[in-house]
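Peer 1: Okay, here's the structure, questions in a sec.
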């Protein structure tokens, strides 16, 4: 088992990475927990519900099961309230421990429920998608969506542990593997040029879930994310670089309707656009833009954005949480392995989108 | 102007106490705020809306006004969402500053909205009731209600400043002054015997809002609360003593329906019951129980609880956030000026309630 330790002002906790972690989850339940609430969706419950329930039951504590409807469309207050309803009906006290068994949607909602229930109870992340394993389950960002914007209501709230079972990736559709790999290569692009090169060499092995390759990719991604989050838990500075590709990506998701493209797919494509913008603003060499595009394609993500009016792009991006005083703000890579966060004039963004649209039409 | 400083891991901030503070609120708005959202209810807006709006406008920043429906019945997700709707429609970014102008309901909801909007923005408490000035606006407890329990969904989240204008108390109904004084005498009872004696001597002056007396009472209450919260922001230990009288009080509020008794009235009566329980468990002298009862009556709060079946009391109290593993937990005062928090067997609680009910019927 590999363990990555996350250290933040809001809490320190281990990320355990190994095959079979679903069956060893009892190790992460604090001894003084009065009850455990296992929260998942019907799809994941079918695959892993009993296995995780049985593993939790070995603690001797009562295990409450809560199932939420599946999908980003349900990442809202109504669904969140199903958790509170069940916890209060039981009733669970402040020493309940919530277990988030699922992808990013389950992790974000259970984390936010843990942040708010009785003003804060403990929770464990058990991510079952590659995207959640390398990104959303680590670092304590939790949220629900609002009709006017994604993840607009939430909290920075750290889990007590993250249990990553690499075996579960085998039941994921290929498209979700590709979406998760988009966040993996992101870490290389913004922080670790060597890891980016390693991803280029191992793209095929990663898509094929070759055990050693995928295990290394998850571990390195968690290490790099833990490093950033440890320095800036609440995204007042450095942490914003993790949003590389996300401003364009969010606009794609919002413009097409959430769920049309997977989040990781939108981020993958967004990184290509952000690389183009980095070339305009910081002179990132065209050869490196080409490397980004090639790797996004190699991991199976779309490199060409959907057709959308340029002004629509801009208005969608202006709702982004990084916006300050109406100015668009982007993470840019002056070179591979290095990132900066800065305001960018609308016209520079328009130029990138128009150039891409021209290529698209041609 | 008197200033009390609050120091917690979640933030340090000043409480400014003086007549006329509504007009000097601009002093508390951080220089880098991109917008200000003034949030209140229609009743308070009529009295003070323009005055505070004009004071905020002197910052030169855009001031957005949001009005929420008035009352505890609206302290729910639907109303909270009105804040998010308005902030996102504007749209306000992460550097917006929310201003909570109102009593405990407004303070709790705006504080929770600030905790959650884009995962946390800054806010200023401007409490307009005595209860909010001496209690709820200080210490960072924020929450909304759930159909199955009060304040069940919330966060510990500190404001950047608290502005207490003692002038506003003049427009409060006498009943609300009494309710606020219940929390004032609570601080004496649990921490400061000398202050409790001072309250006994000044009960009439406090009810009459005699300026020097009320100003001292507010300042001392804020100091004592800041002292406790500074040692235990997230209520893992000491802070729980601030809930003296609240377990009984919450049962009264829930049993009668929220809003029937004011929160402070329920707490006032709850303190009498908690003093009786302290006599049973810790031998608090009968003469001190009598002092508590007399002072609760002297400040104009009910000392006799509403008639309610004993088992109903117990089941209502079991939902309390202090409950652990189904055991009822109470704050008790072994002597005036000293408090402890502990589990209490159901039968001891039954005995107190039965004794009080017997007196009530007689």
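The values are calculated or read from the model by the stated rules, or taken from the named source; none is laboratory data. Just so it is clear, the model here is predicted, and its values are computed rather than measured. FYI the Cβ positions are ideal-geometry reconstructions off the backbone, even for glycines, and counts take in every protein chain you see.
Peer 1: Could you grab me the full set of residues in the range A:212-232 that are closer than 18 Å to residue A:129 by Cβ and either touching a strand residue (DSSP E or B) at 6+ places or on another chain (Cβ under 6 Å) or not in a helix (DSSP H, G or I) (or both)?
Peer 2: A:218, A:219, A:222
Peer 1: Identify the residue in the range A:64-80 that is more than 7 Å from chain B (Cβ to nearest Cβ) and assigned to a helix (DSSP H, G or I) and, among all such residues, is surrounded by the most Cβ atoms within 10 Å (Cβ to Cβ).
Peer 2: So, considering only residues that are more than 7 Å from chain B (Cβ to nearest Cβ) and assigned to a helix (DSSP H, G or I), the one surrounded by the most Cβ atoms within 10 Å (Cβ to Cβ) is A:80.
Residues checked against (1) modelled with pLDDT of 95 or more; (2) more than 14 Å from chain A (Cβ to nearest Cβ); (3) within 26 Å of residue B:275 (Cα to Cα); (4) surrounded by 24 or more Cβ atoms within 10 Å (Cβ to Cβ):
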residue	(1), (2), (3), (4)
B:132	yes, yes, yes, yes
B:141	yes, no, yes, yes
B:154	yes, no, no, yes
B:160	yes, yes, no, no
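Peer 1: Here's a follow-up. Residue check, residue B:120 against (1) at negative phi; (2) within 14 Å of chain A (Cβ to nearest Cβ); (3) part of a loop (DSSP other than H, G, I, E, B), all met but one. Which one?
Peer 2: Unmet condition: (1).
Peer 1: Answer yes or no: is there a residue in the range B:155-175 that is more than 13 Å from the chain's Cα centre (by Cα) and within 26 Å of residue B:288 (Cα to Cα).
Peer 2: Yes, the range B:155-175 contains at least one residue that is more than 13 Å from the chain's Cα centre (by Cα) and within 26 Å of residue B:288 (Cα to Cα).
Peer 1: Could I ask something else about it? Exactly one of (1) buried (at least 22 other Cβ atoms within 10 Å of the Cβ); (2) modelled with pLDDT of 95 or more is unmet by residue A:93. Its number?
Peer 2: (2)
Peer 1: Right, here's the next one. If residue B:54 satisfies all but one of (1) free of Cβ contacts under 8 Å to residues at least 40 places away in the same chain; (2) surrounded by fewer than 17 Cβ atoms within 10 Å (Cβ to Cβ); (3) under 24 Å from residue B:143 (Cβ atoms), what's the number of the condition it fails?
Peer 2: So the condition that residue B:54 fails would be (3).
Peer 1: Does the range A:206-214 include one or more residues that are free of Cβ contacts under 8 Å to residues at least 40 places away in the same chain and surrounded by 18 or more Cβ atoms within 10 Å (Cβ to Cβ)?
Peer 2: yes
Peer 1: Please count how many residues of the range B:233-252 are surrounded by fewer than 23 Cβ atoms within 10 Å (Cβ to Cβ) and either outside any loop (DSSP other than H, G, I, E, B) or not assigned by TED's automatic domain parsing to the domain that holds residue B:182 (or both).
Peer 2: Residues in the range B:233-252 being surrounded by fewer than 23 Cβ atoms within 10 Å (Cβ to Cβ) and either outside any loop (DSSP other than H, G, I, E, B) or not assigned by TED's automatic domain parsing to the domain that holds residue B:182 (or both): 4 in total.
Peer 1: Still on this model: Which one of these is within 23 Å of the chain's Cα centre (by Cα), outside the structural domain of residue B:147 (by TED's automatic domain parsing) and crowded, with 23+ Cβ neighbours inside 10 Å: B:300, B:268?
Peer 2: Just one listed residue meets the conditions, B:268.
Peer 1: Considering only residues that are away from every other protein chain (no Cβ under 14 Å) and in a strand (DSSP E or B), which ones fall in the range B:98-117?
Peer 2: Passing the criteria: B:99, B:100, B:101, B:102.
Peer 1: Something else now. Just one of the numbered conditions (1) surrounded by fewer than 21 Cβ atoms within 10 Å (Cβ to Cβ); (2) within 14 Å of chain A (Cβ to nearest Cβ); (3) in contact with a strand residue (DSSP E or B) (Cβ under 9 Å, 6 or more places away or on another chain) is not true of residue B:148; which one?
Peer 2: (3)
Peer 1: Taking residue A:43 and the conditions (1) part of a helix (DSSP H, G or I); (2) surrounded by fewer than 18 Cβ atoms within 10 Å (Cβ to Cβ); (3) in contact with a helix residue (DSSP H, G or I) (Cβ under 6 Å, 6 or more places away or on another chain), which numbered condition does it fall short on, given that it satisfies the others?
Peer 2: All conditions pass for residue A:43, except number (3).
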